[in-house]
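> Input: one structure, supplied below.
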Amino acid sequence: MKNDKKLINEEGRRLDGRRFDELRPIRIEAGVLHRADGSCYLEWGGNKIIAAVYGPREAIPKHTQNPLKAIVNARYNMAAFSVEDRKRPGPDRRSVEISKVISEALENVILTEQFPRTMINVNIEVLDAEAGTRCAGLTAAGVALADAGIPMVDIPVACAAGKINGQVVLDLGKEEDNYGDADLPVAIAPRTDEILLLQMDGHLTLDEFEQAFELAHKGCLYVSELQKKALLEKYASIAEEVS
Amino acid sequence: MSEKKRLVVIPSQYLGETSRFKPGHGAFIRDGKIYAERLGILHVNGSYMNVIPLKGRYSPIVNDFVIGIVIEPLQSSWMVDINAPYPALLHTEEVPWDIEFGETARFLNAGDAVMAKVLMVDEAKRIQITLNDRNLCKIRGGHLIDVEPSKVPRIIGKQGSMIALLKKYTRCRIFVGQNGRVWLDGPDHGIAQVVRVIRLIEDEALRFGLTNRVEELLKKEAKDVEYYEKR
């Protein structure tokens, strides 16, 4: 998609004043819901997302049960008021796809063998959207799963990179996503650097792809630290005030 | 218990080398290193690195005493919810009553609660429970409250010290199921008091010297009651 909209100025500043390798401000809070087994509230720039985890519990309908491991059902949903024009509620093509890729990313970090015949439900509600909701949703889901006490080998984290006006940048904002040239969401398991999710929209040359991936990877590692801090803040604070 | 800080660990946190330690509960090995697999508190027992979960579902262990709620009566058994990821089976052989085939619903019906013991858990995580043990029965009357299963040991206390304390001061009958369900029976104000104290224990489960603090609180409240009763 070619266009003439200027997204980055001569000084290398973007529309919201960020440099090419800067993230939007991120805030993560663990354990915000009482009824869920685990939960997380996350703000990533203008994105506001709540993730809630239920389970492991007996999988229904019964034919979906796997006698060897748990199944992971992530459900990504955008609220009707999350975008400028009202979004028609309910699952659509896009949210079904995102639910699927997030489920598969989570399946690879959760120790599903420990809970045969069960399912783990992850609900990701996008309350306010401003580009990069799948990354934000997956990041929130990772914290919510840890908060639910579900055994995992890693806390998954995601971050996107992209290309605007021919330059590779980290973490696209709304205008950058709409008028940019490419978007590359990446999710990794930060301990092992394994890739859990990799999608691309638009066109990148091989060199640009490598650059973008490198940026997104660095972004992931940074966000991962924030995730860990949020969890430790919530639970270490209990341990501290008490001891 | 030593007066040192409890270390909270999160999944994938590095705990130590396999050359020095072994992974216990809640820990796993990758490439010769031990990592935590869940959110919890690090507990080093000899050479074993254990992570005691802070949150999570109850995972049934044989001989645990639990409180179950009947989901449905079957022809010769009942399905019982014991707060685990799986329903538990209670067979007619495992109850103290003589039951004819197909008459299970006359003894226990959906929604009834039982105190039970975990009889068997197999590798496919099929669970069987039994009522054939001391003091196990169908629950009639009283209150059931839910707590976090990982906090149950704190509610019971060392050798039952906490629970003995509660019983002494509130004159309530209390049964704590390992699966995070607590049954209470007794005078209304006693029950209210127990619920309050249990919530306090849940909130401050990591505090050292909790039993003493709870005793002080109960003593103080007991005095207040005496004071008002005298008036």
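The values are calculated or read from the model by the stated rules, or taken from the named source; none is laboratory data. Computed from a predicted model, the values in this text were never measured in an experiment. As a convention, Cβ positions derive from the backbone with ideal geometry for all residues, glycine included, and neighbour counts pool all protein chains shown. Surface accessibility is based on the protein's heavy atoms, side chains included, excluding ligands, DNA and RNA. Shrake-Rupley method; radii C 1.70, N 1.55, O 1.52, S 1.80 Å.
> Report the residue count in segment A:94-138 for those that are in a helix (DSSP H, G or I), under 30 Å from A:K163 (Cα atoms) and β-branched (V, I, T). Even if it seems obvious, please write down each step before you answer.
Looking only at segment A:94-138, we keep the residues that are in a helix (DSSP H, G or I), and these are A:94-107, A:112-114, A:133-138.
When the remaining residues are screened for being under 30 Å from A:K163 (Cα atoms), the result is A:94-107, A:133-138.
Applying the additional criterion that residues be β-branched (V, I, T) yields A:96, A:98, A:101-102, A:133.
Number satisfying all stated conditions: 5.
> Test of understanding: among B:E103, B:E123, which residue is acidic (D, E), within 14 Å of another protein chain (Cβ to nearest Cβ) and either free of Cβ contacts under 8 Å to residues at least 40 places away in the same chain or open to solvent by 50 Å² or more (accessible area, probe 1.4 Å) (or both)?
B:E123
> With the condition kept exactly as written, say whether any residue in segment B:106-118 is touching a His at 6+ places or on another chain (Cβ under 8 Å) and within 27 Å of A:Q114 (Cα to Cα).
Checked against the condition, which is being touching a His at 6+ places or on another chain (Cβ under 8 Å) and within 27 Å of A:Q114 (Cα to Cα), segment B:106-118 yields no hits at all.
> On the basis of being in contact with a helix residue (DSSP H, G or I) (Cβ under 7 Å, 6 or more places away or on another chain), outside the structural domain of B:V95 (by TED's automatic domain parsing) and over 27 Å from B:L7 (Cβ atoms), does B:G186 make the cut?
Yes; evaluated as a whole, the condition is true for this residue.
> Count, please, the residues in segment B:32-59 that happen to be touching a Gly at 6+ places or on another chain (Cβ under 7 Å) and either among the polar types (S, T, N, Q) or part of a loop (DSSP other than H, G, I, E, B) (or both).
Number of matching residues: 9.
> Another one. Under 8 Å between Cβ atoms, which residue pairs at least 6 apart in sequence (or on different chains) link something in segment B:167-178 that is on the phi > 0 side of the Ramachandran plot with a partner that is in a helix (DSSP H, G or I)?
B:R171/B:G190
> Now, a different point. Among the candidates A:D21, A:D37, single out the residue that is within 14 Å of another protein chain (Cβ to nearest Cβ), open to solvent by 40 Å² or more (accessible area, probe 1.4 Å) and among the acidic types (D, E).
On inspection, the qualifying residue turns out to be A:D37.
> I'm checking my understanding of the structure. Among residues of segment A:197-243 that are among the polar types (S, T, N, Q) and outside any loop (DSSP other than H, G, I, E, B), which one is modelled with the lowest pLDDT?
Top of the filtered list is A:S237.
> Could you grab me the full set of residues in segment B:79-100 that are over 25 Å from A:Y54 (Cβ atoms) and surrounded by 14 or more Cβ atoms within 10 Å (Cβ to Cβ)?
Within segment B:79-100, B:L90, B:H91, B:T92, B:E94, B:V95, B:I99 qualify.
> Which of the numbered conditions does B:R181 fail, given that it passes all the others? Conditions: (1) among the basic types (K, R); (2) open to solvent by 20 Å² or more (accessible area, probe 1.4 Å); (3) closer than 19 Å to B:G56 by Cβ.
Every condition holds for B:R181 apart from (2).
> Is it fair to say A:L221 is within 14 Å of chain B (Cβ to nearest Cβ) and open to solvent by 30 Å² or more (accessible area, probe 1.4 Å)?
yes
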